[in-house]
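To start, the structure under review is shown below, and the notes come after it.
What follows draws every value from the coordinates through simple rules; no lab data is involved. Keep in mind it's a predicted model, so treat the numbers as computed, not measured. Every residue, glycine among them, receives a Cβ derived from its backbone with ideal geometry; neighbour counts consider all protein chains shown.
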Amino acid sequence: MPADRLTCTFAALADPTRRAILRHLMTGEASVTELAEPFEMSMPAVTKHLKVLENAGLITRGRAAQWRPCRIKGAALRDAADWIQQYREAWEKKRDRLQGYLKELKAKGKRK
């Protein structure tokens, strides 16, 4: 995955409003009006947040007559999770080695 896309994904996820919008979309598609309800901001401000999410590949926006449904798109989230998982595995290996080393030190201390 190109770093640019990953950068866009994490930049979009950095904002709590956008994370709340994604959380809402986890339950199913919603209109812009429905997504704007919990926030004290103008409709253009909500639309800007949606545009950031769309540009990052986290949502899609459709058109059905007057209704403009937004849907979550999983690929970018999966790519970000995969990237994070690589680091998680590395840190878990380091933690496991440290735990083993501490057990050795404790066992040596009991012998003395």
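The table that follows gives values for the structure above.
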item	result
Rounded to whole Hz, the Karplus (6.51, -1.76, 1.60) HN-Hα couplings of region 84-98, x for glycine and proline	5, 4, 4, 6, 4, 4, 4, 5, 5, 5, 5, 4, 4, 5, 5
Rounded, prolate or oblate (a/c below 1.5 giving rounded, otherwise prolate when a/b exceeds b/c) for region 24-79 by Cα gyration tensor	prolate
Residue order, fewest to most beta carbons within 10 Å, for 72, 21	72, 21
Gain upon complete extension [residue 33, residue 54; 0.36 nm per residue less C-alpha separation]	5.9 nm
Point-charge dipole on Cβ atoms (K/R +1, D/E -1) for the chain, about Cα centre, debye to 20	1020 debye
Full-stretch length increase - residue 15, residue 89 - with 0.36 nm per residue and alpha-carbon distance subtracted	24.0 nm
The chain, helix-only ellipticity at 222 nm - DSSP H runs n ≥ 4, -39,500 (n - 2.57), divided by all residues, nearest 500	-22500 deg cm²/dmol
Tilt relative to the chain, helix 16-25 - C-alpha long axis, 0 to 90 degrees, to 10	70 degrees
Least to most buried among 70, 8 (fewest other Cβ within 10 Å first)	8, 70
Region 3-111: C-alpha gyration tensor shape, a/c 1.5 cut-off, then a/b vs b/c	prolate
Mean separation of Cα contacts under 8 Å (6+ apart) over length of region 3-111, as relative contact order %	27 percent
Residue-by-residue Karplus 3J(HN,Hα) for region 70-78, coefficients 6.51, -1.76, 1.60, Hz, glycine and proline x	10, 10, 6, 10, x, 4, 5, 5, 5
Within straight-line cross-link reach of residue 94, lysines at Cα separation under 23 Å, skipping those fewer than 8 residues along the same chain	103, 106, 108
Förster radius 35 Å - calculated FRET efficiency between residue 101 and residue 4, Cβ distance, rounded to 0.05	0.35
Length added when fully stretched, residue 77-residue 110, from 0.36 nm per residue minus Cα-Cα	7.1 nm
